[in-house]
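Just below is one structure, and these are the notes that go with it.
The values are calculated or read from the model by the stated rules, or taken from the named source; none is laboratory data. This structure is a prediction, so every number in the text was calculated from the model and none was measured. Cβ: placed from backbone, ideal geometry, glycine included. Neighbour counts: every protein chain shown. These accessible areas exclude ligands, DNA and RNA; they are computed on the full protein's heavy atoms, side chains included. Shrake-Rupley method; radii C 1.70, N 1.55, O 1.52, S 1.80 Å.
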Amino acid sequence: RPAAADDEALTHLLAVRLCWEALLADASLPLADWRSGWAGLAGRREALRRGQLVDWILQSALEFGHQRQVVAGLRSAAAAAQRQAAAKLLPAVRPAVQAVFCIDVRSEVFRRALETVAGPAVHTRGFAGFFGLPIAYTPLGGASARPQLPGLLSPALQVSDAAPPGDAATPAGSQSLGQVLAARRRALGWSALWHDFRHTPASIFSFVESIGLGYGGKLLMDSLRTARGSAPPQAAGRDPAVGPRFQPGDLDADAAASMAHGILTAIGLVDGFAPLVLLVGHGSQTTNNPHAAGLDCGACGGQTGEVNARVLSDLLNRAGIRRALAEKGIQVPDSTRFVAALHNTTTDEVQLFDTADTAPAALGMAGSARNNALAQMQGWLVEAGAEARAERAGALGLNGHGDAPQLATAMRQRANDWSQVRPEWGLVDNAMLIVAPRARSRGVHLQGRSFLHDYDWQADPDSSVLTLIMTAPMVVTNWINLQYHASALDNRRYGSGDKVLHNVVGHGVGVFEGNGGDLRIGLPMQSLHDGQQWRHTPLRLSVLIEAPRQKIEAVMAQQTVVRQLVGNGWLHLLRTEAPSAKSQGAEAAPGLVVERWLPAGSRWDPVDSAGLPAGD
């Protein structure tokens, strides 16, 4: 179905629901009683509101408590930065690496670790993990495309696997593109036949009776070899030199440059480019997990971010695109190379892709720096992974695994263990979206609970980037937050119950809990509870934006969905504004200004030093 075509499915669904309503009314409740019940709805709703008043006060207090912690950390970081600036302790140096991560809360832990081990040599940024590419991806040999972007958007462009531009064949020792394609098609063909044999009603019982015992050996080997290689599953038959790219004719240089210009502008990366710029997607490595898509990148449609990172890095490394970008006002130095990477959120290991043209000699650097650039970056990623694993070990019950190599092995075992119901905690305990320059939160321990999206309002005069953030990432993070919130508060209705009892039905359309019943929705209990205590605290999302009042209010006035989210209390909206040089004057520098929007009075209320809104 074309993306812009009308879909009558919703009308049909409403007709079915209406028929059920009529049947129920006729069978169990006289129409007069039904009318009477609806007539008293307002009174019962008011009684319910009064009965829930104490609950809502406690809910808000819990949310304000988390806001207090974050605001205190941001104020402390801002004060420290002001003291360093006053003492001229912050040297203005060009970073060796700029790394753009997805805003996912799991990236916050790894970013903080990377900044700790590399210091000022690495600057990290946060942006939606699909990197602004409106694409659908057709794997090599595949027959259908899969969207690689948020559900709010529709793909406008297609990408597929290919060798690097200008290469007639893959590097020496690799297969040709034709050989890889043939192998991939054979693998997909056999996989489809095997899947049908295992799952079609006509053969499913004969399959179990004839071949079921043969899986005993495989089950045993899978149980014993759980520490094997660590990487999210990739397409079968893929050659390292063959990756997702735009094909010649997909879009011309000017259109590609316009798209790249918009993406770099939204990221806030328009000048001061480092020699190496990492575009880091993320994906989860799990085994025997029907809910695996919930651990991958939501911005990439429940896929890993590998495709988007590789496509954008390939695009930005092309000389023709860079020349067209320069004409549009963004000058990318010849010495800068973009590198695609994938952060494995289960094991906190990072895999680099397509590094042939990012070898040190291609970077235009001299001496030892030229020889060590890529190796140094990889060393930092390894160290950061060890730091991140050490931080997450306690939540996974792995504190007793001695040194770093033992801990890494234990996490690989969890990733490859077919019986493991909690390979990682995903986005559990998410609570806040911070939309501000990384300098505002750098060094603040946010406990892996905050989505981090870079934004500089001074580089956004028409508020187009702010509008995009508040209508897309803010909406999607609210969806994620509400999914965890509802699944934790009422798992029977809004979650999916016990993961151990799940049966996948309808070729992966959903799960039953046990042998029947209705399709289960939301998250399983094992994604929220460790068997002894809850791992998710059900807080409404708090969104903290660094921007002037009028810019935020203008977006709320123009965008209905934003106005509804904020006005109806689905999330908390806060703003901050860094003290300017003029406001500081000769007196002591004021603290970070933080305010919270009060929908009832349509006004901003200052947050006091304790982090609570004055007057609440």
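In region 528-537, what residues are open to solvent by 30 Å² or more (accessible area, probe 1.4 Å) and not charged (D, E, K, R)? Steps first, please.
Taking region 528-537 and keeping what is open to solvent by 30 Å² or more (accessible area, probe 1.4 Å), we get 529-535, 537.
Within region 528-537, His529, Gly531, Gln532, Gln533, Trp534, Thr537 qualify.
Screening Gly497, Gly517, Gly510 for residues that are open to solvent by less than 20 Å² (accessible area, probe 1.4 Å), free of Cβ contacts under 8 Å to residues at least 12 places away in the same chain and not charged (D, E, K, R) leaves exactly one candidate, Gly510. The set of residues in region 453-473 that are open to solvent by less than 10 Å² (accessible area, probe 1.4 Å) and either closer than 13 Å to Ser107 by Cβ or aliphatic (A, V, I, L, M) (or both) comprises His453, Leu466, Ile469, Met470.
Within region 292-320, the set of residues being open to solvent by less than 10 Å² (accessible area, probe 1.4 Å) and not in a loop (DSSP other than H, G, I, E, B) comprises Cys297, Cys300, Glu306, Val307, Asn308, Ala309, Arg310, Val311, Leu312, Ser313, Leu315, Leu316. Helices (runs of 4 or more DSSP H) fully within region 462-575 that include at least 3 residues being under 24 Å from Asn289 (Cβ atoms) and out of contact with any strand residue (DSSP E or B) (no Cβ under 8 Å at 6 or more places or on another chain): 473-489, 491-494. Filtered by the rule that a residue be open to solvent by 20 Å² or more (accessible area, probe 1.4 Å) and either in a loop (DSSP other than H, G, I, E, B) or under 19 Å from Tyr455 (Cα atoms) (or both), region 109-138 gives Arg112, His123, Arg125, Phe130, Gly132, Pro134. Among the residues of region 391-407, the ones that are open to solvent by 50 Å² or more (accessible area, probe 1.4 Å) and under 22 Å from Ala292 (Cα atoms) come to 1 in all. A count restricted to region 409-423 and to residues that are within 23 Å of the chain's Cα centre (by Cα) and assigned to a helix (DSSP H, G or I) stands at 5.
Looking at (1) surrounded by fewer than 19 Cβ atoms within 10 Å (Cβ to Cβ); (2) closer than 30 Å to Leu269 by Cα; (3) at pLDDT 65 or above, can you tell me which one Ala163 breaks? Condition not satisfied by Ala163: (1). Whether a residue is touching a residue at least 12 places away in the same chain (Cβ under 8 Å), assigned to a strand (DSSP E or B) and surrounded by fewer than 24 Cβ atoms within 10 Å (Cβ to Cβ) was assessed, and Leu269 does not pass this test. Under the condition of being closer than 21 Å to Leu62 by Cα and either among the β-branched types (Val, Ile, Thr) or open to solvent by less than 30 Å² (accessible area, probe 1.4 Å) (or both), the residues counted in region 539-565 number 7. If the condition is being touching a residue at least 60 places away in the same chain (Cβ under 8 Å) and more than 14 Å from Thr477 (Cα to Cα), then region 557-570 contributes Gln558, Gln559.
Considering Ala410, Ala341, Ala324, Ala388, which residue is closer than 30 Å to Ala292 by Cβ, open to solvent by less than 50 Å² (accessible area, probe 1.4 Å), touching an Asp or Glu at 6+ places or on another chain (Cβ under 8 Å) and at pLDDT 90 or above?
Ala388
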